[in-house]
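Working notes, structure below.
The values are calculated or read from the model by the stated rules, or taken from the named source; none is laboratory data. Predicted model, so just to flag it, every value in this text is computed and none were measured. All Cβ positions, glycine included, derive from the backbone under ideal geometry; neighbour counts span all protein chains shown. The area values use the complete protein model at the heavy-atom level, side chains included, leaving out ligands, DNA and RNA. Shrake-Rupley method; radii C 1.70, N 1.55, O 1.52, S 1.80 Å.
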Amino acid sequence: MNKNKRGQAWGIDLIVSVFIFVSAILLFYNYSTNLNQDSENINVMLEDGTAATNVILSEGYPAMWNKYDVEKPGIFTGSEVDRNKLQSFLELTSENYTKVKNMLGTKYDFYLFFQSNTISFVNSSIEGIGSQGVNSGNIETLKTKKIVKISRFVILDKKPAKMIFYLWEK
């Protein structure tokens, strides 16, 4: 009778061990699957951000666009930022942010600014262009699911400047 009790205890230990092992394998699988999905989403956002900055850092279409005929809102003329196009891009974004997101080919919110330069416009001095209520001081504290930062060097007022472009998902 003593032998039977030892065998039963061993069987229960085996069942508990297998249960713990299988649970650990399932948790690892679930974690690795979610991690892969997050990195895929970040890659999609990074591709969107790169495409959007490519549009912004082009001459746009048509080349001498204004806010009424624009199809692609680029801020360059030649190899540097054109202040008139930058002003038009600000006005266009302020008037119809959703339309600009569509023109840039992204569904994500965005904000762009030039590091260590305040952009002076006619009748105002602003820091950047994009989503309302966002600035370089609060962008990294936004409650977002994911955020991507893209930095590009440009010529602004005949001087090198760093353009920072943020893209995020609410």
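There is at least one residue in the range 96-106 that is over 17 Å from I164 (Cα atoms), in contact with a Lys or Arg (Cβ under 8 Å, 6 or more places away or on another chain) and at pLDDT 95 or above. Could you check the range 123-134 and list, in sequence order, the residues that are under 24 Å from V44 (Cα atoms) and either at pLDDT below 85 or under 15 Å from the mean Cα position of the chain (by Cα) (or both)? Across the range 123-134, the qualifying residues are I129, G130, S131, V134.
Within the range 137-168, which residues are of a type in the set (D, E, K, R), in a strand (DSSP E or B) and modelled with pLDDT under 90?
K146, K159 - these are the residues of the range 137-168 that are of a type in the set (D, E, K, R), in a strand (DSSP E or B) and modelled with pLDDT under 90.
Looking at S116, S120, S58, just one residue is at pLDDT 95 or above and not in a helix (DSSP H, G or I), and that residue is S58. Scanning the range 133-170 for residues that are surrounded by 17 or more Cβ atoms within 10 Å (Cβ to Cβ) and either out of contact with any strand residue (DSSP E or B) (no Cβ under 7 Å at 6 or more places or on another chain) or of a type in the set (S, T, Y) (or both) yields one hit, Y166.
Of the residues making up the range 48-84, those that are touching a Pro at 6+ places or on another chain (Cβ under 8 Å) and not hydrophobic (A, V, I, L, M, F, W, C) number 3.
Residue by residue through the range 44-63, note down the ones that are of a type outside the set (A, V, I, L, M, F, W, C), crowded, with 16+ Cβ neighbours inside 10 Å and at negative phi. Lay out the reasoning, then the answer.
If we filter the range 44-63 for residues that are of a type outside the set (A, V, I, L, M, F, W, C), which is where we start, we get 47-50, 53-54, 58-62.
Restricting the remaining residues to those that are crowded, with 16+ Cβ neighbours inside 10 Å gives 48-49, 53, 59-60.
Listed by number, the residues that qualify are D48, G49, T53, E59.
Whether any residue in the range 85-93 is within 21 Å of S151 (Cα to Cα), in a strand (DSSP E or B) and either open to solvent by 60 Å² or more (accessible area, probe 1.4 Å) or not polar (S, T, N, Q) (or both) is what I want to check. Among the residues of the range 85-93, not one is within 21 Å of S151 (Cα to Cα), in a strand (DSSP E or B) and either open to solvent by 60 Å² or more (accessible area, probe 1.4 Å) or not polar (S, T, N, Q) (or both), which makes the answer no.
When the range 90-108 is filtered for residues that are hydroxyl-bearing (S, T, Y) and either farther than 21 Å from L142 by Cα or in contact with an Asp or Glu (Cβ under 6 Å, 6 or more places away or on another chain) (or both), the ones remaining, listed by number, are T106, Y108.
Of all residue pairs spaced 6 or more apart or on separate chains, those with beta-carbon atoms under 9 Å, a first member in the range 64-75 that is buried (at least 16 other Cβ atoms within 10 Å of the Cβ) and a second member that is modelled with pLDDT under 90 and part of a loop (DSSP other than H, G, I, E, B) are P73/K67.
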